[in-house]
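The values are calculated or read from the model by the stated rules, or taken from the named source; none is laboratory data. Nothing here was measured: the structure is a model prediction, and the numbers come from that model. Note that each Cβ is placed from the backbone with ideal geometry, even for glycine, and that neighbours are counted across all protein chains shown. Surface accessibility is based on the protein's heavy atoms, side chains included, excluding ligands, DNA and RNA. Shrake-Rupley method; radii C 1.70, N 1.55, O 1.52, S 1.80 Å.
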Amino acid sequence: DMKVTQMPRYLIKRMGENVLLECGQDMSHETMYWYRQDPGLGLQLIYISYDVDSNSEGDIPKGYRVSRKKREHFSLILDSAKTNQTSVYFCASSLSWGGPNTGQLYFGEGSKLTVL
Amino acid sequence: GQQVKQSSPSLTVQEGGISILNCDYENDMFDYFAWYKKYPDNSPTLLISVRSNVDKREDGRLTVFLNKSGKHFSLHITASQPEDTAVYLCAAGANQGGSAKLIFGEGTKLTVSS
C-alpha cells in the first residue's frame, strides 16, 4: 500500500526519561531515515540506514541512536531525553540509488515529541 | 553550516501569478535536486526532481531550473492557486553507500492569495 507508519504520533516525556520512536514501511525499501523538523531549520538528518544493521550517522546524531533489525522496521532511541530534543520527528524510506524513483523519499506522518 | 539554504522564509503570490522558490547549495558533489511540498501537520511529499545532467524539467505547472555553476536551483509554479499554499522544502543530495543522502533546506512558506 506504499505506506510509512510512525508510532506514537504524539509523546510527552520528562527530561531524563528514555524515548522510543518506531517506524515501519511496507514497500521493502532498503534505505530508511530519521529526520527532525524544527522551526526555521527545515528537516535535519539524524541517521540513515542502508539496510538491516547497516546504519550511518547523519548531520545531528548526538543524543540519538537507532536500531534496524528488520528491513521494514527502523527505531529511533533517545537515552535520557533532553528538553532541546523537543521536536517533530519524521521517518522516511527509499529505494536504493540507481533504481526507479532514485532519490524519492516516502515520509511518515511524523511523531511530535515534547520533553518537559 | 547549512549545506542547503532557502533564503526566503515566506512568499506571497496572487492567484494566477507565478511563484518562484529558490534554493542554494554548497556541496558540488550533489547531483540530485528535489522539491517537496508540506501541508501543516502532514508529511512532506515529493513534487518534482532532477538529476545534474539536465538543467530544466517541466511537469504540468511545475518547472525546476538547475544552475550547477551557480549552485542554485529553483521551482517555478505557474498559474498559482490557493491550494498551492504550503511549505516548500528543497533538497539536494548524492549517492552515499548505495542510497540517497538528502539534505533539506529550511523551507519557504508559500501563500497564494485569491
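Restricting the search to segment B:22-63, which residues are within 13 Å of chain A (Cβ to nearest Cβ) and of a type in the set (A, V, I, L, M, F, W, C)?
B:23, B:30, B:33, B:34, B:35, B:46, B:47, B:48, B:50
Output the residue which, of all residues in segment A:25-45 that are assigned to a strand (DSSP E or B) and over 24 Å from residue B:40 (Cβ atoms), is modelled with the lowest pLDDT.
Just the residues of segment A:25-45 that are assigned to a strand (DSSP E or B), to begin with: A:25, A:31-38, A:42-45.
Filter once more, keeping what is over 24 Å from residue B:40 (Cβ atoms): A:31-32.
Values: A:31: 93, A:32: 96.
Across segment A:25-45, the extreme among qualifying residues is A:31.
Report whether or not residue A:91 is touching a residue at least 12 places away in the same chain (Cβ under 8 Å), part of a strand (DSSP E or B), of a type in the set (A, V, I, L, M, F, W, C) and away from chain B (no Cβ under 11 Å).
On the way: touching a residue at least 12 places away in the same chain (Cβ under 8 Å): yes; part of a strand (DSSP E or B): yes; of a type in the set (A, V, I, L, M, F, W, C): yes; away from chain B (no Cβ under 11 Å): no.
When the stated conditions are applied, residue A:91 does not pass them.
How do the pairs read when you match residues in segment B:84-104 that are closer than 16 Å to residue B:3 by Cα and open to solvent by less than 10 Å² (accessible area, probe 1.4 Å) with residues anywhere that are in a strand (DSSP E or B) and among the basic types (Lys, Arg), using Cβ under 8 Å and keeping only pairs 6 or more apart or on different chains?
B:89/B:37; B:89/B:38; B:93/B:101
Identify all residues within segment B:32-83 that are of a type in the set (A, V, I, L, M, F, W, C), part of a loop (DSSP other than H, G, I, E, B) and open to solvent by less than 50 Å² (accessible area, probe 1.4 Å); write none if there are none.
Start the filter on segment B:32-83 by keeping residues that are of a type in the set (A, V, I, L, M, F, W, C), which leaves B:33-35, B:46-48, B:50, B:54, B:62, B:64-66, B:73, B:75, B:77, B:79.
From what is left, the residues that are part of a loop (DSSP other than H, G, I, E, B) are B:54, B:79.
Within segment B:32-83, just B:79 meets the criteria.
Considering only segment A:82-105, state which residues are out of contact with any Leu (no Cβ under 8 Å at 6 or more places or on another chain) and more than 16 Å from residue A:49 (Cα to Cα). Please lay out each step first, then the result.
Looking only at segment A:82-105, we keep the residues that are out of contact with any Leu (no Cβ under 8 Å at 6 or more places or on another chain), and these are A:82, A:84, A:95-100.
Once the filter is applied, which keeps residues that are out of contact with any Leu (no Cβ under 8 Å at 6 or more places or on another chain) and more than 16 Å from residue A:49 (Cα to Cα), segment A:82-105 yields A:82, A:84, A:98, A:99, A:100.
Within segment A:11-47, how many residues turn out to be open to solvent by less than 70 Å² (accessible area, probe 1.4 Å), within 12 Å of residue A:113 (Cβ to Cβ) and away from every other protein chain (no Cβ under 14 Å)?
Residues flagged as open to solvent by less than 70 Å² (accessible area, probe 1.4 Å), within 12 Å of residue A:113 (Cβ to Cβ) and away from every other protein chain (no Cβ under 14 Å) within segment A:11-47 amount to 4.
Among (1) crowded, with 18+ Cβ neighbours inside 10 Å; (2) under 13 Å from the mean Cα position of the chain (by Cα); (3) assigned to a loop (DSSP other than H, G, I, E, B), which single condition is residue B:8 missing?
Failing condition for residue B:8: (1).
Tally up the residues in segment A:51-84 that are open to solvent by less than 50 Å² (accessible area, probe 1.4 Å), touching a residue at least 40 places away in the same chain (Cβ under 8 Å) and either out of contact with any Gly (no Cβ under 8 Å at 6 or more places or on another chain) or not in a loop (DSSP other than H, G, I, E, B) (or both), please. Walk me through how you get there before you give the answer.
Our first condition is that a residue be open to solvent by less than 50 Å² (accessible area, probe 1.4 Å); within segment A:51-84, this holds for A:51, A:54, A:56, A:58, A:60-61, A:63-64, A:66-68, A:74-78, A:81.
Checking the rest, the ones that are also touching a residue at least 40 places away in the same chain (Cβ under 8 Å) come to A:74-78, A:81.
The next check asks that each one be either out of contact with any Gly (no Cβ under 8 Å at 6 or more places or on another chain) or not in a loop (DSSP other than H, G, I, E, B) (or both); those that pass are A:74-78.
The qualifying residues number 5.
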